Structure formats: structure tokens, C-alpha cells
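These notes are about the structure you will find just below.
The values are calculated or read from the model by the stated rules, or taken from the named source; none is laboratory data. Only a predicted model underlies this, so the values are computations on that prediction, with no experimental measurement involved. Cβ placement follows ideal geometry from the backbone for every residue including glycine, while neighbour counts extend to all protein chains displayed.
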Amino acid sequence: MFPLTTYLTDLGPLEIGFPLIVLLTLILRVTKHSHLSKKESKDSSSKAQTLVFDPLGFRNITPCKELPLHQRPDWPRYWKPGKFQMTMALRKLDINNWFKYDELFDSEHKQKVTMATAPDAENYVDYLDGIDDAVVELLDTVVTYVTKRYPNMVRVDDEYVYIDHLQEKYRIREPYDLHPLAVAGLLIMDDLYVLKKGHKDRYTLRGAFLACPSGWRLQQRIGWQLHQIHDPVPMWKEKLRKSMERFFVNLQPSKAIQRNNLFIQPVGQIFHVVPFEENLKYESIDQVHIRTELQSLTRLPRSEASIFTVRTYLTPMSDLRHEPEQLEALWDHTRNFPPDTANYKCHHLWGDVFEQFCQDVLGKRDTEIASNEEKTKPTVPTSQCPAGF
Ligand code: HEM
């Protein structure tokens, strides 16, 4: 093979010109191509970014591979002993801990189907704005979540979502066979509330699937502003109203939160519309039930509606006989209610039987917790799949 210089000196001007032009054209093409590929790769990376637009963090969902229906309810024992604190008590939502199923799903779901299809369904599920962007986005979000987190329990195609073990399917596109809010509520164990910003940035309850009311009826409060709903709560106006309203205005889809609530109620029914204070004084600890709620709040990215969810757990108080540390923490917690809070929580109805129960089980007349708080750390549900998954 000749060196290139020798080859060039042996050629005339015409013979040199042609290969040079070919060479230059090739160089130009390669440079142009590399510009194009940079531009193309920019385009495709922005396409990829559009595809991974994921403000709710669904890419972090870990699929549970088996049916979670044999799992016992993982109810939160979140109360703290010591001085009563009126705070929002929010914590960041772990996305794997958003909607959970357990062995109560089938029976609670059956009751919800009865509610959603009853002639007076508006007492359980109702929405003031017809079928709007917010409820369509809500259904889409719930379907995406449950099919990703529980792929062996719920599946979807273009038109329907399927709960195979119950042989049920619901339309997720128009024409819907049930309102999208009803379908979203049937797919999870939580109650669902939709709130939208109204006059003066105030959030209003536009609708809900309320299968587990704690002493009130949906039609009494639908259309109410947040502050009206919370008016009966002692200290809410002074301690929480401002921070909560600010929190609602600033809420972002990527900043979803969770919190807990506690009521002590007279009967073992999760659907409880009679105000708790209308009950007679309790005579036995067997009437007393702990109602703990695991709540979440998030903002939908497109419609900007706020979605409040409430999973309700009901446990007989007498079960705490087997968890003396938690019982003592709850005893201390309730003894520290300020008078207005004690009244709001109906302590005068259940306080005496509860006091007697604590003294009998714990074998003492007073709590000894203040010096021993470490032992009674609140426990909140984990995001783990049931054991063995
Ligand atoms: C950051 C959000 C929220 C916080 C911090 C919060 C806080 C509270 C607190 C402290 C109570 C008193 C219950 C107790 O201590 O036992 C309460 C009650 C209640 N909350 Fe909320 N809440 C929030 C969001 C919502 C939303 C979005 C709704 C939806 C409609 C709602 C509906 C209720 C209802 C119905 C009650 C019972 C009121 C009554 O006793 O009549 N909450 N809330």
C-alpha cells in the first residue's frame, strides 16, 4: 500500500481535486450527522422526560407479587403519652404505604358496592360537579396505583378495571357504569374526599365516597369549606386553622402527607353516622372500640384537586389487654386530654370503664410513663408487603 503523500504527488491537479472534494464532502457529512445526532438525542431525552413525568412518585412503587388478602389489618397505634399537643402531625407519605389491602377487603368492599348502587347512593357517594377533570384524574390515578402495586389482584385494559377474585369489572372510560369517584372508592379500602379551591383560596369539599363516617352524614357537610368542617374541633381555630389553610394552598403532588386520627367509639361498626355524644354512658369495656384512621392528603398534578383519603380501622379496646405498653400509653394519652378535648372525644361516656380496665389489666392506679417514653413509641403501619411476598 502507498503512503497518501506519495500517491498525491504522483497525481495531476484534476486527479488531486476530485478525491479532495470527496474527502471534504465526507468530513462535512460526518460533522453534520454528529450535530443531528446531538439534536436527536436532546429530543429523545426530552421525550423520555415527558414519559417519566411522575410527580406522585409512582416509579418508586414496589409491586406486591401475591394477593394481600390474607394479611391481618395493620392498624396504627400512634398515640403518644404525655402532654396533649394540638398539631397537624403530618409526615411524608411513603408511596408504598398509600392504599393497602388486607383480609377485610372483601367484606368492606361488598358493603361499599351496596352503598354505591343503593337508591339513596348520594348518602354514601356524591359529587357536586358532575364528571369533571378532577374525578377522571382521580380514577386514573387510583387505577394506575393499584394495578402497579397489586398486579395480581387488580388489572386493567383500555376500558375496564378488573378485580378478578371477585369476578367484578368496572368501566374506566365514558360511558361509565358508575361515577368515577364511586369506582375509585370501590378499588381501595379508604374513603375518598375531593376538595377544590374556591373563593379566597379556601378549599371546599366537592364530594366524597364516605363508607366509614365517624358520627356524621355526607349530605350534612358536602359543599362545606375546610374551616366549617373543623369548627367542632376544640383548639382548631386557634392552633391549626392558619397553618392548615396555608398547607392546603402550598400542597404539591410530590409532597403528599400522611397523618392519624383517633376516636373511641361505642359500637363495633365502621359505618357510624350517629354523633358519638348521643350515645349512653358505656357499662362494659366490651362496648368500647378504638377507631384509628390513617389519612393522606395529596394534590393531583393536572386538575390540581386535593385528594384526602381515610382508611379506618376498628379494634375492640379489650384487645389491648395483650399489648400492655400500648394500653398504658393510651391511658396516659387520654388522661392528658384538656377538658374541651376530653368533652369532644366523649371521655365522659367511656372514661370510667376504660379507667377500670386499665387499672385491672396493668395492676396499678396510675401510669408510670413520663419517665419511660422510649418503651411506648407510637407504631404506624409499614409499607411492607405481607410476609413472604
Ligand atoms: C392537613 C389536613 C388535616 C388536618 C391536620 C386535620 C385535622 C383534624 C383534627 C385534629 C381533627 C379532630 C379529630 C380528633 O382529634 O379526634 C379533625 C377532625 C375532622 N376532620 Fe380533619 N384534618 C385535615 C384534613 C381534613 C380534610 C381534608 C377533611 C375533609 C373533608 C377533614 C375532615 C374532618 C372531619 C369530618 C373531622 C371530624 C369533625 C367533627 O368532629 O365533626 N379533615 N381533623
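Restricting the stretch 81-96 to residues that are of a type in the set (A, V, I, L, M, F, W, C) and within 13 Å of the ligand (Cβ to nearest atom), which is farthest from K237 (Cα to Cα)?
Per the criteria, the residue is L93.
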- Screening L280, L262, L327 for residues that are buried (at least 17 other Cβ atoms within 10 Å of the Cβ) and either among the aliphatic types (A, V, I, L, M) or not assigned by TED's automatic domain parsing to the domain that holds G207 (or both) leaves only L327
- Go through the stretch 197-233 and give me each residue that's farther than 21 Å from T298 by Cα and touching a Lys or Arg at 6+ places or on another chain (Cβ under 9 Å). S214, D231
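Quick one: which residue in V161, V183, V154, V194 is at pLDDT 95 or above, crowded, with 18+ Cβ neighbours inside 10 Å, within 16 Å of the ligand (Cβ to nearest atom) and β-branched (V, I, T)?
Criteria check complete, one pass: V194.
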- Note on the structure: If you go through D132, D201, the only one that is closer than 29 Å to V249 by Cβ, within 16 Å of the ligand (Cβ to nearest atom), in the same structural domain as S254 (by TED's automatic domain parsing) and surrounded by fewer than 21 Cβ atoms within 10 Å (Cβ to Cβ) is D201
- Scan the stretch 224-253 residue by residue and report those that are outside any helix (DSSP H, G or I) and either of a type in the set (S, T, Y) or more than 11 Å from the ligand (Cβ to nearest atom) (or both). Q252
- The correct count of residues that are farther than 19 Å from L294 by Cα, in a strand (DSSP E or B) and of a type in the set (G, A, S) in the stretch 191-223 is 1
- Query: With the stretch 254-347 as the region, which strands (runs of 3 or more DSSP E) entirely inside it contain at least 2 residues that are away from the ligand (no atom under 14 Å from the Cβ) and in contact (Cβ under 8 Å) with a residue 12 or more places away in the chain?
  - Reply: 306-316
- Message: For the structure I just gave you, tell me whether F53 is farther than 24 Å from A208 by Cα, outside any helix (DSSP H, G or I) and not assigned by TED's automatic domain parsing to the domain that holds F308.
- Response: yes
- Query: Has the stretch 210-217 got any residue that is within 8 Å of the ligand (Cβ to nearest atom), among the small types (G, A, S) and farther than 24 Å from V143 by Cα?
  - Reply: yes
- Message: If I filter the stretch 212-226 down to residues being modelled with pLDDT of 95 or more and polar (S, T, N, Q), which single residue comes out as nearest to the chain's Cα centre (by Cα)?
- Response: Q225
